[in-house]
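The values are calculated or read from the model by the stated rules, or taken from the named source; none is laboratory data. Treat the numbers as computed from the prediction; the structure is a model and nothing was measured. No Cβ is skipped: glycine too gets one built from the backbone with ideal geometry, and neighbour counts run over all protein chains shown.
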Amino acid sequence: MKEENKKEELENIEDNEKEQKTENLEEEEARQEDDEKTEKANEQNEKIKKEGFFKKVWYSITKIEKYPEMAAQGLGKAFSYICKVVAVLAIVLCLGTMYQAYQIMQEGVEYLQNEFPEFSYKDGTLTIDAESPITISAEDSYVGEVIIDTKTEDEKTINQYVAQVEDYGDGIIILKDQVKVKNAAVTGTISYEYKQILDQMGITEFQKQDVINYMNSSQMINLYISIFITIFVYSFTMYLLTTLSNAIFLAVFGYLTTWIARIRMRFVAVFNMAVYSLTLSTILNIMYITINIFVPFTMEYFQVMYVTVAAIYLIAAIFLLKSEYIKRQMELMKLAEAQEIVRKEIEEKEQEEKEKREREEEKKKRKEKDRKEEKNNKGKQNGEPQGSGA
């Protein structure tokens, strides 16, 4: 009996050790899988971090499957990316504006030299050697209707000039001591006195040739730089706000799409993907601005196309993510089925081994029992009395 108990205890210990080893092996495999996934994710993030700005631009246009990886880098990276894209757009706009300003300046110098009469300025008064007012039509001017009259001081005549300019929407009225500017975006006209402006610049007098010399001198570079900086700051701010508002609109649209597609995604992740989806639209906007510098034209519904292209990219990225999610779920289901089959096979094998051990133990017990019985029988036979010979 003691031997049987010892054998049972040994079998239980062996079973427990096997179960413990199996559990430890499963935990180790799960830990290794988690470590491998973490390492792969870190490698992917490091790889994307090392990729430059232009690589991200290329991925945003040609590799929609990269959107989730780039979006996973966080809101800061997405904001930095869109700032760079908008900065490129603003620089292109500034360069185009500077080119146009240079062309206008050259045409202005030529017009002053060949067609415009002599003029001079002194102590807040502009004098032009012309017998009658000079009018430049809106078709021949970049700033609308231009009226030049430095002799009149009659308020009635000046009001007639203002009314004439307002009919065109934009224009400038150059008078003896001031200039009036009319912009279609602003109600009424804005007046600037020569003395107030030029005294701050240290200019008290000049003549026609002084203006021409200044416009042809290297000092104009400082003016161009000032214009460039002013336009860049303004255009960058406006385009960044516009782009972010478009990104928010697309993110809301994309978030609703994730509900329809039954994908669990945070709004920030969808917003990051919306930022990258605006890349091609922004590049098309840059091309539109560049072409307009040399060939002025207006494209109707450009803003609609701008948002539509970005929405197509975003929806494609979301549904691609959906298909990848379904694919992974199928792989996990197959893996779970395979694990279940392996587990059943292991259980069946262990059960067979257990039954085999039990049968062997049963045989041993029978043999042991038979040996005991045989031993007892021999002992009885040896202990019987000898028969009498009488």
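May I ask you to say which residue of 21, 50 is at pLDDT below 85, basic (Lys, Arg) and within 30 Å of residue 357 (Cα to Cα)?
Exactly one residue qualifies, and that residue is 21.
Can you find a residue that is under 19 Å from residue 53 (Cβ atoms), surrounded by fewer than 21 Cβ atoms within 10 Å (Cβ to Cβ) and not small (Gly, Ala, Ser) anywhere in the range 262-275?
No.
Based on this model, can you work out whether residue 86 counts as over 20 Å from residue 276 (Cα atoms) and either among the β-branched types (Val, Ile, Thr) or assigned by TED's automatic domain parsing to the domain that holds residue 271 (or both)?
Against the criterion (over 20 Å from residue 276 (Cα atoms) and either among the β-branched types (Val, Ile, Thr) or assigned by TED's automatic domain parsing to the domain that holds residue 271 (or both)), residue 86 does not qualify.
State which residue is nearest to residue 172 (Cα to Cα) when the search covers only the range 113-159 and only residues that are at pLDDT 85 or above, part of a helix (DSSP H, G or I) and out of contact with any Ser or Thr (no Cβ under 8 Å at 6 or more places or on another chain).
Among them, the one singled out is 159.
Is it fair to say residue 218 is of a type in the set (Gly, Ala, Ser), surrounded by fewer than 16 Cβ atoms within 10 Å (Cβ to Cβ), under 44 Å from the mean Cα position of the chain (by Cα) and under 25 Å from residue 97 (Cβ atoms)?
Yes; evaluated as a whole, the condition is true for this residue.
Could you please tell me which pairs satisfy a Cβ distance under 8 Å, a separation of 6+ or placement on different chains, a first residue in the range 360-377 that is among the acidic types (Asp, Glu) and at pLDDT 75 or above, and a second residue that is assigned to a helix (DSSP H, G or I) and surrounded by 10 or more Cβ atoms within 10 Å (Cβ to Cβ)?
361/7
Pick out the one residue from 165, 92, 88, 143 that is over 27 Å from residue 220 (Cα atoms) and in contact (Cβ under 8 Å) with a residue 12 or more places away in the chain.
165
Going residue by residue through the range 192-202, is there one that turns out to be over 49 Å from the mean Cα position of the chain (by Cα), closer than 14 Å to residue 127 by Cα, touching a residue at least 60 places away in the same chain (Cβ under 8 Å) and in the same structural domain as residue 134 (by TED's automatic domain parsing)?
yes
List the helices (runs of 4 or more DSSP H) inside the range 189-292, counting only whole elements, that have at least 2 residues being over 17 Å from residue 82 (Cβ atoms) and not aliphatic (A, V, I, L, M).
Result: 194-200, 208-216, 220-261.
Yes or no, residue by residue, for (1) acidic (Asp, Glu); (2) within 30 Å of residue 302 (Cα to Cα):
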site	(1), (2)
146	no, no
149	yes, no
168	no, yes
173	no, no
193	yes, no
200	no, no
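Hey, residue 208 hits all of (1) free of Cβ contacts under 8 Å to residues at least 24 places away in the same chain; (2) touching a strand residue (DSSP E or B) at 6+ places or on another chain (Cβ under 7 Å) but one; which does it fall short on?
(1)
Please work out if residue 84 is touching a helix residue (DSSP H, G or I) at 6+ places or on another chain (Cβ under 8 Å), at pLDDT 85 or above and loosely packed, with under 15 Cβ neighbours inside 10 Å.
Judged against the criteria, residue 84 is a match.
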